[in-house]
1. Count, please, the residues in the stretch 123-164 that happen to be in contact (Cβ under 8 Å) with a residue 24 or more places away in the chain, among the aliphatic types (A, V, I, L, M) and either surrounded by fewer than 16 Cβ atoms within 10 Å (Cβ to Cβ) or part of a loop (DSSP other than H, G, I, E, B) (or both).
2. Tell me, yes or no, whether the stretch 13-31 has at least one residue that is closer than 30 Å to P151 by Cβ and either outside any helix (DSSP H, G or I) or in contact (Cβ under 8 Å) with a residue 40 or more places away in the chain (or both).
3. Can you tell me which residue within the stretch 78-95, out of those that are surrounded by 10 or more Cβ atoms within 10 Å (Cβ to Cβ) and aliphatic (A, V, I, L, M), is nearest to P175 (Cα to Cα)?
4. May I ask you to list the residues in the stretch 165-202 that are part of a loop (DSSP other than H, G, I, E, B) and hydrophobic (A, V, I, L, M, F, W, C)?
5. Tell me whether the stretch 135-147 contains one or more residues that are farther than 28 Å from Q167 by Cα and not aromatic (F, W, Y).
6. Is it the case that some residue within the stretch 228-251 is closer than 30 Å to L86 by Cα and at pLDDT below 90?
7. Please enumerate the residues belonging to the stretch 120-152 that are at pLDDT 90 or above and of a type in the set (V, I, T).
8. Answer yes or no as to whether L200 is under 17 Å from the mean Cα position of the chain (by Cα) and hydrophobic (A, V, I, L, M, F, W, C).
Amino acid sequence: MEVQKRLSLGLLVAGAGVVLLPLGVVFLTSLQSAEGSPGWTLENYRSAWEKGQFLLAFANSIFVAIAVTLFQLFTSALAGYALARLKFQGKQAILLIILATLVIPFQILVIPIFLVLKAGHLINTYGALILPTAVNGFGIFLMRQFFQGIPIELEEAAMLDGANRWQVIWRVMLPLSRPALVTLSLFTFIGEWNDLFKPLVFTTRPELRTVQLALASFQEQFTNSWSLMMAAVVIATLPIVVIFALGQRQLIRGIATTGIKN
């Protein structure tokens with residue numbers, strides 16, 4: 001048994017090393033002097049921040065990521081609850097359609113989405129960055145699975161105390177679903193923060209530029225300056241690392257408990 005534990009620990013350490021090695025190379029490269037002289041410096045970060053104009057890009061990415069996350073939490077919670085608890089005709093067909101959307105790449109739908117946004121005069125607006133991903137099939141399925149794991153007796157007890165359906169959702173189901181909500185929030189926020197496709201296709205205005213678009217533009221301008229490029233990558237990645245570190249416990253709990261039935 002002790003040998004198995006040591007072997008498992010060794011494999012985990014080796015796997016962590018493989019994952020962290022590229023990140024370590026990026027971080028160390030970002031600290032190297034831009035002129036190639038020996039020593040370490042933080043000047044690359046200040047230079048990359050100013051030359052890449054990341055302040056506006058950060059503000060746009062934060063706004064879009066938070067807005068999409070709130071939309072998905074709202075729509076996923078309501079749709080997931082309906083699929084988990086309510087009885088209505090066509091319920092299984094709707095669930096199958098939602099699951100089918102998980103295997104359709106977003107890029108395949110870009111033309112019809114573009115036409116819809118153009119008809120609504122939403123191209124080159126924040127709406128073009130928010131609305132296409134405001135509803136997500138994965139989030140709906142995740143919340144449905146979690147709601148099914150909550151004992152129905154809790155809802156029945158709340159209704160016996162006089163609570164209506166909305167009160168049951170907001171005061172009973174959602175507080176108990178915190179791990180799933182945090183998990184969905186992390187997945188959504190990280191996905192929106194790292195998204196390059198939507199801002200690249202649906203916007204052309206510089207004032208709507210997001211972090212990933214700013215990073216891509218920065219890399220085109222400073223192709224020969226590896227230290228500045230790596231500093232820009234660290235700047236763009238750091239918020240995600242911090243957010244994931246703060247929410248990792250709830251993330252693990254949400255993944256572990258989703259789908260478990262009582």
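1. The number of residues fulfilling the criteria is 5.
2. For the stretch 13-31, residues closer than 30 Å to P151 by Cβ and either outside any helix (DSSP H, G or I) or in contact (Cβ under 8 Å) with a residue 40 or more places away in the chain (or both): absent.
3. The extreme case among them is L78.
4. The one that is part of a loop (DSSP other than H, G, I, E, B) and hydrophobic (A, V, I, L, M, F, W, C): L196.
5. Within the stretch 135-147, none of the residues are farther than 28 Å from Q167 by Cα and not aromatic (F, W, Y).
6. yes
7. Correct list: I123, T125, I130, T133, V135, I140.
8. Answer is no for this residue.
The values are calculated or read from the model by the stated rules, or taken from the named source; none is laboratory data. Computed from a predicted model, the values in this text were never measured in an experiment. Because the Cβ atoms are built from the backbone with ideal geometry, glycine has one as well, and the counts that use them run over all protein chains shown.
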